[in-house]
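Worksheet: the structure to be examined is printed underneath.
Every read-out reported here was derived from the displayed coordinates using simple, explicitly stated rules and does not represent laboratory data. Remember, it's a predicted structure, so these values are computed and weren't measured experimentally. Backbone-built Cβ (ideal geometry, glycine too); neighbour counts: all protein chains shown.
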Amino acid sequence: MRIAVVGGIPPNPEGEAHYAGCVYRVLAEQVRDPILACAHLQPDALPTESPLPHYTIQRVTYGYHRFKRHLAPLYLRRTLRAFRPDVVHFQAPHKGLYGGLYGEPLLYLFRWLRRRRIPTLVTLHSLWLREDFLEMAQERGQSVRARRLLETLYARYFRQLLRLATQTNALVAGDANPLIAEFQREWGLERFTIHAEAHPCEAFEFQASDIAAAKAAVGLEGKRLVFAFGFVRPDKGFHYLMEAVAPLAERDPNLMLLIAGNPRGAQGEQYAQQLQHLHAQLGKSSQIRLEFGYLPDERMHAYLRACDVLVVPYTRVMGASGPMHHALSYGKPVVATAVGQNRGLAEVCALVPPRDPDALRHALQPILYEADCWEHHHRRASQYAASHTWRHLAQRYYTDYERLMQEGTLR
């Protein structure tokens, strides 16, 4: 079986690139079938590399180019024709990285593959509801007419995508996530089948006794560390977390809040300035640290090992949170807002209402200061991570590929 993948691969910065990089590395370690990953060109990455003899990464699309990104189907068709895949898996094709507003040019590639009877599997990495469009429009100052036009185009695009793809998965957080049903109902997509694909974890062996050494490694000996990270944008809700932690820091000189991440676009830069202004107002420069800029994986994992709790204070969640699953991989307690995808992990994480610093504070206090509470959340996180690994997902993918090929043969 010859497997082709269309999606970002590190060092592409998108979350789906990290996701694809993890699962296909594991899949390539398990099987000997030829795997070709078609990724976006990146200045700091070779055009072609082979992590394993049967696993090749070719950077063939111009996802970050203003004009060439629209020509993605042409570049991909040329590469796929030469590779001659038996199945093609698209990771997050619904993005402007493939042209148009929502990756519309790729629909031509789906039609080309369909004519050649090559089965396709799609993994959706975000599911927008109408309320998400409303919030985005308000943030960007868009008119009601512009928002409704975007909503119409979004619904039309997904009807075409789901009609053309052989199988569609939606990446979700947890095993009983309500977002897929809400998404289908809201956009009139009930007649299409969308399978849930739970975001995996690494499942590291990590215990409470390991935290002291991890803190020493990053110069935070004796601190209670609250950590939050990700792209810096208004919907990340980091300002609510700062307001939640400030009163706790007044009473505990050893408490520290660390927020790290890269501001995303002009809106992100503006939000970073807002956070810096709030930082100055709170007057806790030694206990609230803002680290803006690219966060290398090595440093991210060092902070995850050192933290006592990770917070996901987002106001809008269309995709399963990468930071949340990184923290669960280390068995770390997670406090998150009960919005969007986060709701699927209600049995694993502590969920609180969004935009509510008091609720965040009340959830953090027992985890930070009661050993039994910390251990309870650690146990739930560790159990979830152990049963939702990249190996589990890779095995599921391979089974799906075999079934899609068999069904294609039967037709």
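Only loop residues by DSSP count here, and only those with at most 16 other Cβ atoms within 10 Å; note down the trypsin sites (Lys or Arg not before Pro) in the range 70-139 that meet that. All intermediate terms of the calculation are to be shown ahead of the outcome.
Working: sites: Arg77, Arg78, Arg81, Lys95, Arg111, Arg114, Arg115, Arg116, Arg117, Arg130; in loops: Lys95, Arg116, Arg117.
Answer by residue number: Arg116, Arg117.
Order 208-220, 64-76 from most to least packed using the mean count of other Cβ atoms within 10 Å.
Top to bottom by mean Cβ count within 10 Å: 64-76, 208-220.
Testing the spin-label approximation: label points 7 Å from Cα along Cα→Cβ at Ala212 and Leu71. State their distance in nm.
6.1 nm
Please work out how much length the chain gains when fully extended from Phe133 to Glu298, using 0.36 nm per residue of separation minus the C-alpha to C-alpha distance, in nm with one decimal. Walk me through the numbers on the way to the answer.
Details: separation 165, 0.36 × 165 = 59.40 nm, distance 3.46 nm.
This chain segment gains 55.9 nm when fully extended.
For Glu291, which sequence-distant residues (separation of 5 or more, or a different chain) have an amide H within less than 5 Å of its own amide H, given hydrogens modelled in the peptide plane?
Ile259, Ala260, Gly261
Can you show me the helix-derived [θ] at 222 nm for the chain, built from DSSP H runs with n ≥ 4 at -39,500 (n - 2.57) apiece and divided by the number of residues, rounded to the nearest 500.
Numbers: 14 runs with 187 residues, N = 411.
For the chain, the value works out to -14500 deg cm²/dmol.
How far, in degrees from 0 to 90, does helix 238-251 lean away from the longest principal axis of the Cα atoms of the chain, to the nearest 10?
Value to nearest ten degrees: 20.
Once amide H atoms are placed 1.01 Å from N in the peptide plane, what residues at a sequence separation of 5 or more from Phe90, or on another chain, have their amide H within under 5 Å of its amide H?
Under 5 Å from the amide H of Phe90 lie the amide H atoms of Val6, Leu121, Val122, Thr123, each far enough along the sequence or on another chain.
Most exposed first by the Cβ proxy, i.e. fewest other Cβ within 10 Å, how do Phe83, Phe229 rank?
Values: Phe83 17, Phe229 26.
If I rank by nearby Cβ atoms, fewest first, I get Phe83, Phe229.
Cβ under 15 Å from Tyr369's Cβ, Tyr369 left aside: what net charge do those residues give with Lys, Arg +1 and Asp, Glu -1? Mind showing how you got there, number by number?
Working: positive: Lys223, Arg224, Arg251, Arg361; negative: Glu250, Asp252, Asp308, Glu370, Asp372, Glu375.
Net charge in that neighbourhood comes out at -2.
Quick check: residue separation of Gln281 and Arg114 times 0.36 nm, minus the Cα distance between them. What number comes out in nm?
Extending this stretch completely gives an extra 54.3 nm.
Rounded to the nearest 10 degrees, what's the angle between the helix 106-115 long axis and the longest principal axis of the chain, both from Cα atoms, 0 to 90?
Around 40 degrees separate the two axes.
Convert each backbone phi in the range 299-312 into a coupling constant with the Karplus relation 6.51 cos²θ - 1.76 cosθ + 1.60 (shift: θ = phi - 60°), then list the ³J(HN,Hα) values in order as whole Hz, x for Gly and Pro.
6, 4, 5, 4, 5, 5, 5, 7, 6, 8, 7, 9, 10, 10
Which lysines does Lys223 reach when only Cα atoms under 18 Å apart count, and residues fewer than 8 places away in its own chain are ignored?
Partners within reach: Lys215, Lys284, Lys332.
Once you keep just the Cα pairs under 8 angstrom separated by 6 or more residues, what percentage relative contact order results for the range 128-287?
Relative contact order comes out at 17 percent.
Efficiency by 1/(1 + (r/R0)^6): what FRET value for Cys22 and Arg148, r their Cβ-Cβ distance, R0 = 30 Å, to the nearest 0.05? Provide the component values of the computation, followed by the final result.
Working: r = 38 Å, r/R0 = 1.25.
The formula returns an efficiency of 0.20 here.
Can you give me the long-range amide H partners of Tyr55? Hydrogens built in the peptide plane at 1.01 Å from N, cutoff under 5 Å, separation of 5 or more residues or another chain.
HN-HN under 5 Å from Tyr55: Ile35.
With a Förster radius of 56 Å, plug the Cβ-Cβ distance of Gln160 and Glu375 into 1/(1 + (r/R0)^6) and report the FRET value to the nearest 0.05. Walk me through the numbers on the way to the answer.
Details: r = 49 Å, r/R0 = 0.88.
According to the calculation, E is roughly 0.70.
Please arrange Ile194, Ile9 by how many other C-beta atoms lie within 10 Å of their C-beta, fewest to most.
Ordered by Cβ neighbours within 10 Å, fewest first: Ile194, Ile9.
Provide the per-residue ³J(HN,Hα) series for the range 16-27, in order, calculated from phi with Karplus coefficients 6.51, -1.76, 1.60 and θ = phi - 60°, each as a whole number of Hz, with x at glycine and proline positions.
Karplus values, whole Hz, x for Gly and Pro: 5, 5, 4, 4, 5, x, 5, 6, 7, 5, 5, 4.
How much net charge surrounds Gln267 when only other residues with a Cβ under 12 Å from its Cβ are counted (Lys, Arg +1; Asp, Glu -1)? Don't jump to the answer; show the numbers that get you there.
On the way: positive: Arg140, Arg233, Lys236, Arg264; negative: Glu139, Asp235, Glu269.
Result for the local shell: +1.
Out of the GluC sites (Glu not before Pro) in the range 163-200, which ones are loop residues according to DSSP with at most 13 other C-beta atoms within 10 Å?
Glu190
Using the Karplus equation 6.51 cos²θ - 1.76 cosθ + 1.60 (θ = phi - 60°), what ³J(HN,Hα) coupling, rounded to whole Hz, does each residue of the range 393-407 give in order, writing x for Gly and Pro?
Working through the residues one at a time gives 5, 4, 5, 5, 4, 4, 4, 4, 4, 4, 5, 4, 5, 5, 5 Hz.
Please give the net charge around Pro47, taking every other residue with its beta carbon less than 15 angstrom from that of Pro47, where Lys and Arg add +1 and Asp and Glu add -1.
Overall, the nearby charge balance is +1.
Can you put Val122, Val23 in order, fewest other beta carbons within 10 Å first? If you can, show how the numbers build up before the last one.
On the way: Val122 25, Val23 22.
In order of increasing Cβ crowding within 10 Å: Val23, Val122.
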